[in-house]
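Participant: Here's a structure for you.
The values are calculated or read from the model by the stated rules, or taken from the named source; none is laboratory data. Predicted model, so just to flag it, every value in this text is computed and none were measured. So basically every Cβ, Gly included, is an ideal-geometry build from the backbone, and we count neighbours across all protein chains shown.
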Amino acid sequence: MIFRFLLALWLAKIAMVMSKLTGKGRGSSLPGMLALRICPDILKHYSSQTGRGAIMITGTNGKTTTSNMLAGALEHAGYKVINNREGANLLTGIVTSFIKISSFTGKVSCDYAVLEVDEAAFPVVIKWIQPRMVTITNFFRDQLDRYGELDTTISKVVGALKKLSADTQLVLNSDDPLVAKIAAETGYQTTYYGIRPAAEISGRASYSREAKFCPFCSEALTYAVYIYSQLGDYKCPNCGFTRPVPDIEAASVRHRQAKTVGAVIRSGSSEWRLELPVQGLYNLYNALAAFTASIKLGLKPEVVIASLNRYLPVTGRMETFKYKNKKVILALVKNPTGFNQALDGLLVGDEEQDLLIAINDNDADGRDVSWLWDVDFEILLERQERFKRFICTGQRAEDMAVRLKYAGVSVAQISIEKDYNLAIQAALSGECQVISMLATYTAVWPVEKILSGMSERVKFSEDHGMSSVS
Amino acid sequence: MKITVCHLYPDLLNLYGDRGNVLAFVQRCRWRGWQVEVMEVNLGDPVNFADVDFLFIGGGSDREQNLIAADMGKRVENLNRAIENKLVVLAICGGYQLLGKYYRTPEGKEIPGLGLLDIYTVAGDTRLIGNVAVEAELDSKKTMLVGFENHGGKTFINDTMPLGKVVSGNGNNGVDGTEGARYKNVFCSYLHGPLLPKNPALTDYLISLALERRGYDLELTELDDSFEESANKAMVKRLIG
Ligand SMILES: [Zn+2]
């Protein structure tokens with residue numbers, strides 16, 4: 001029904017303009033929600049218009065960064081790309097992205113759709129858009145309410161993948177046993193990427209490790225090198241399931257105490273030098289995923305490397321503000337793995353800093369805050385002299401204060417201020433030139449709103465010290 | 001003085017930040033100036049429970065239960081003797097269920113537990129999830145324990161003493177108003193949070209029982225618990241008003 005489609009499209013477009021006018025621009029899923037209400041199969045009208053097809057990126061962490069890197073590389077090579085850039089990765093957000101660039105007659109003109117898709121929404125989204133390629137980053141435990149469901153989530157993703165056409169291509173992380181197993185389960189043509197398991201990149205915290213058992217025979221996996229969370233060089237002593245040799249591998253990795261990541265990317269006998277302007281091994285994984293997908297789509301490796309070397313993180317998940325002469329960094333933390341990576345980021349550099357941590361326990365944050373005890377706050381004590389004050393805010397500010405106390409932070413450095421305004425004012429009024437703010441999902445918005453009212457938003461900081469961790 | 005803490009299967013049973021219980025016990029001993037050794041005991045690792053002052057058993061997901069039940073089977077006599085000799089134990093969620101007689105699956109199959117406590121667990125049709133407040137009596141002092149429960153099994157404790165009375169939430173089974181179980185110096189609970197950091201009265205009670213078992217009769221130095229108390233009170237206020 002073309003009339004229904006157009007009605008949905010126009011009303012959604014009006015909603016988009018309205019939300020811009022009223023300044024409530026955060027509602028990136030509202031137009032999509034409205035359109036779906038009127039025309040549930042709206043994506044069908046668009047799916048045939050993505051000339052060279054759709055590429056989907058799913059998994060727990062790294063979806064936004066990976067899809068932005070991939071879209072960037074494709075654009076760098078001259079293609080026109082639709083991308084749900086702000087991380088609106090549910091069905092409604094994806095619909096909104098299409099509506100945004102759609103003409104009033106419902107036409108979109110693009111070569112590729114690069115879509116990050118929430119793991120839980122994946123089975124729904126593929127009903128309307130069949131991707132030619134699916135990239136899976138990793139599977140970590142997310143909000144702990146949902147912990148028992150990680151197995152269920154993975155099997156739903158696998159179930160959905162099996163419904164795709166036989167020539168679907170997969171790009172999989174070889175270092176995550178929960179991801180690597182999917183090649184055998186689906187039988188699709190798979191390209192693996194991974195980091196060469198060298199002792200010097202081996203990680204320390206094992207608190208939030210997820211898969212310790214062989215996904216095929218339940219025997220405990222053994223690790224020759226363990227990178228972080230359950231990622232590493234694993235092997236099942238019983239059935240022989242083992243880390244696949246990656247087709248694209250990063251070696252000679254430099255990442256500790258630096259604001260960039262350097263590596264040599266190898267494929268067969270060719271190699272390229274990667275100098276990512278963002279930090280953290282997790283960003284190297286994101287870059288590897290984007291590189292591998294790009295190569296499989298026929299891009300020239302040199303073009304992709306050049307694009308990755310210029311990668312700038314999108315604002316939204318990580319934002320930098322300037323308050324007087326101080327630098328304020330705001331980042332979203334949503335699970336133990338991501339929180340640990342954000343803390344790793346804080347350790348880089350030599351400036352003294354104050355820390356504000358905002359923890360909420362709404363549904364979107366996870367109602368159980370026990371996961372804070374799976375975060376390795378103890379590592380902050382390695383550079384104890386650099387962290388001056390810890391200001392805890394949000395609905396569960398007290399729990400955060402208790403956690404820091406038991407991590408060994410001195411009580412005199414910790415304060416509880418449940419009011420966001422007062423907490424932020426306290427954080428900004430200290431002696432430190434750098435203030436880092438970490439907030440859970442529903443705490444990020446109020447913190448950001450208050451911050452942008454009293455300070456200047458910096459588009460791109462000169463250093464990308466702490467980038468998106470999701 | 002040196003205190004020995006045993007964390008059983010930290011690699012397998014580490015659901016919902018439960019290692020925070022070990023951390024709370026250890027820190028509150030260290031803040032009082034005592035030395036603490038933490039033994040992490042995994043599948044097959046040797047341990048004599050008689051030498052342990054505090055044993056912690058956390059919860060795990062279903063796929064881990066079989067491996068653990070098999071390994072625990074070899075340790076059960078040694079553990080039983082230590083428990084009868086007043087070993088201080090904290091068992092949470094899956095660890096709690098494991099100490100009981102059996103776990104009955106939705107298909108009616110009874111998976112045997114260690115049988116150290118006269119309790120049993122039945123798979124429920126809905127998970128019991130949410131914040132909980134429990135009134136407990138510790139060392140004849142009333143105290144309000146808070147935490148977060150998330151369990152599919154419903155536990156029935158027969159004549160075993162409960163840890164406390166549910167004031168808000170579900171507790172053992174959502175029916176009889178009990179939460180957790182106590183036997184000698186064994187304390188069981190469904191509460192995550194984790195339990196000990198936000199309930200320092202319980203932590204200190206476990207510490208004093210452990211010292212008593214070693215033959216020390218000393219009054220614990222008071223610590224500044226203002227953060228712990230405000231976290232506890234904030235939740236009590238939210239749940240009860
Ligand atoms: Zn196996």
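Participant: Criterion first (more than 16 Å from the ligand (Cβ to nearest atom) and crowded, with 17+ Cβ neighbours inside 10 Å) does A:R266 satisfy it?
Facilitator: Working: more than 16 Å from the ligand (Cβ to nearest atom): yes; crowded, with 17+ Cβ neighbours inside 10 Å: yes.
So A:R266 fits the description; yes.
Participant: Further question: Could you go through the range A:380-392 and let me know if any residue there is hydrophobic (A, V, I, L, M, F, W, C), within 13 Å of chain B (Cβ to nearest Cβ), under 21 Å from A:G345 (Cα atoms) and within 25 Å of the chain's Cα centre (by Cα).
Facilitator: yes
Participant: Tell me which residues, restricted to the range A:273-299, are in a strand (DSSP E or B) and crowded, with 17+ Cβ neighbours inside 10 Å.
Facilitator: A:L274, A:L276
Participant: One residue is enough: does the range B:16-27 have a residue meeting the conditions surrounded by fewer than 22 Cβ atoms within 10 Å (Cβ to Cβ) and away from chain A (no Cβ under 14 Å)?
Facilitator: Within the range B:16-27, not a single residue is surrounded by fewer than 22 Cβ atoms within 10 Å (Cβ to Cβ) and away from chain A (no Cβ under 14 Å).
Participant: Just checking, how many residues over the range A:238-261 are near the ligand (Cβ under 8 Å from one of its atoms) and surrounded by fewer than 20 Cβ atoms within 10 Å (Cβ to Cβ)? If you could, list the steps in order and put the result at the bottom.
Facilitator: Quick first cut of the range A:238-261, residues near the ligand (Cβ under 8 Å from one of its atoms) only: A:238-241.
Now drop any that are not surrounded by fewer than 20 Cβ atoms within 10 Å (Cβ to Cβ), which leaves A:238-240.
So the count comes out to 3.
Participant: In addition: Give the number of residues within the range A:142-158 that are modelled with pLDDT of 65 or more and over 18 Å from the mean Cα position of the chain (by Cα). Write out each step before concluding.
Facilitator: Of the residues in the range A:142-158, the ones modelled with pLDDT of 65 or more are A:149-158.
Next, only the ones that are over 18 Å from the mean Cα position of the chain (by Cα) stay: A:149, A:151-152, A:155-156, A:158.
Final tally of qualifying residues: 6.
Participant: On to the next question. Which of the residues that make up the range A:204-225 are more than 15 Å from the ligand (Cβ to nearest atom), surrounded by 16 or more Cβ atoms within 10 Å (Cβ to Cβ) and at pLDDT 85 or above? Before the answer, list the steps.
Facilitator: Narrowing the range A:204-225 to residues more than 15 Å from the ligand (Cβ to nearest atom): A:204-210, A:224-225.
Next, from what is left, pick out any that are surrounded by 16 or more Cβ atoms within 10 Å (Cβ to Cβ): A:205-210, A:225.
Listed by number, the list holds a single entry, A:V225.
Participant: Could you tell me whether B:G33 is of a type outside the set (V, I, T) and away from chain A (no Cβ under 14 Å)?
Facilitator: Values: of a type outside the set (V, I, T): yes; away from chain A (no Cβ under 14 Å): yes.
Judged against the criteria, B:G33 is a match.
Participant: Now for a different question. Could you list, in sequence order, the residues of the range A:380-407 that are touching a Leu at 6+ places or on another chain (Cβ under 8 Å) and in a strand (DSSP E or B)?
Facilitator: Once the filter is applied, which keeps residues that are touching a Leu at 6+ places or on another chain (Cβ under 8 Å) and in a strand (DSSP E or B), the range A:380-407 yields A:F387, A:R389, A:F390, A:I391, A:C392, A:T393.
Participant: Whether any residue in the range B:136-150 is surrounded by fewer than 15 Cβ atoms within 10 Å (Cβ to Cβ) and without any contact (Cβ under 8 Å) to a residue 12 or more places away in the chain is what I want to check. If you could, list the steps in order and put the result at the bottom.
Facilitator: Of the residues in the range B:136-150, the ones surrounded by fewer than 15 Cβ atoms within 10 Å (Cβ to Cβ) are B:137, B:139-142.
The next check asks that each one be without any contact (Cβ under 8 Å) to a residue 12 or more places away in the chain; those that pass are B:140, B:142.
Checked against the condition, which is being surrounded by fewer than 15 Cβ atoms within 10 Å (Cβ to Cβ) and without any contact (Cβ under 8 Å) to a residue 12 or more places away in the chain, the range B:136-150 yields at least one hit.
Participant: Quick one: what pairs do we get from the range B:226-238, first residue more than 7 Å from chain A (Cβ to nearest Cβ), second surrounded by fewer than 16 Cβ atoms within 10 Å (Cβ to Cβ) and modelled with pLDDT of 95 or more, C-beta under 9 Å, 6+ apart or different chains?
Facilitator: If the second residue must be surrounded by fewer than 16 Cβ atoms within 10 Å (Cβ to Cβ) and modelled with pLDDT of 95 or more, the pairs left are B:S226/A:V411.
Participant: So, in the range A:226-237, of the ones that are closer than 14 Å to A:S174 by Cβ and within 14 Å of the ligand (Cβ to nearest atom), which residue ends up nearest to the other protein chains (Cβ to nearest Cβ)?
Facilitator: Among those residues, the one meeting the criterion is A:Y234.
Participant: Also: Would you mind stating whether A:L90 is surrounded by fewer than 23 Cβ atoms within 10 Å (Cβ to Cβ), touching a residue at least 12 places away in the same chain (Cβ under 8 Å) and under 25 Å from A:L372 (Cα atoms)?
Facilitator: Working: surrounded by fewer than 23 Cβ atoms within 10 Å (Cβ to Cβ): yes; touching a residue at least 12 places away in the same chain (Cβ under 8 Å): yes; under 25 Å from A:L372 (Cα atoms): no.
For A:L90, the condition - surrounded by fewer than 23 Cβ atoms within 10 Å (Cβ to Cβ), touching a residue at least 12 places away in the same chain (Cβ under 8 Å) and under 25 Å from A:L372 (Cα atoms) - is not met.
Participant: Kindly indicate whether any position in the range A:408-428 is within 24 Å of the chain's Cα centre (by Cα), in a loop (DSSP other than H, G, I, E, B) and within 14 Å of chain B (Cβ to nearest Cβ). If you could, list the steps in order and put the result at the bottom.
Facilitator: Kept after step one, since they are within 24 Å of the chain's Cα centre (by Cα), are these residues of the range A:408-428: none.
So far as the range A:408-428 goes, no, none of its residues is within 24 Å of the chain's Cα centre (by Cα), in a loop (DSSP other than H, G, I, E, B) and within 14 Å of chain B (Cβ to nearest Cβ).
Participant: Filtering the range A:43-63 down to residues that are assigned to a helix (DSSP H, G or I) and at pLDDT below 90, which residue is surrounded by the fewest Cβ atoms within 10 Å (Cβ to Cβ)? Show your work before the answer.
Facilitator: Taking the range A:43-63 as the starting set, the residues that turn out to be assigned to a helix (DSSP H, G or I) are A:43-47, A:63.
Then keep just the ones that are at pLDDT below 90; that gives A:43-47.
Details: A:L43: 19, A:K44: 13, A:H45: 20, A:Y46: 26, A:S47: 17.
Per the criteria, the residue is A:K44.
Participant: Filter the range B:72-122 for residues that are farther than 28 Å from B:T203 by Cβ and of a type in the set (V, I, T); which is modelled with the highest pLDDT?
Facilitator: Selected residue: B:V122.
Participant: Another question about this same structure. Go through the range B:47-71 residue by residue and tally those that are part of a helix (DSSP H, G or I), modelled with pLDDT of 90 or more and of a type outside the set (D, E, K, R).
Facilitator: Qualifying residue count for the region: 2.
Participant: Here's a check for you: in the range B:123-135, which residue that is at pLDDT 95 or above and away from every other protein chain (no Cβ under 14 Å) is surrounded by the fewest Cβ atoms within 10 Å (Cβ to Cβ)?
Facilitator: Looking at residues that are at pLDDT 95 or above and away from every other protein chain (no Cβ under 14 Å), I get B:E135.
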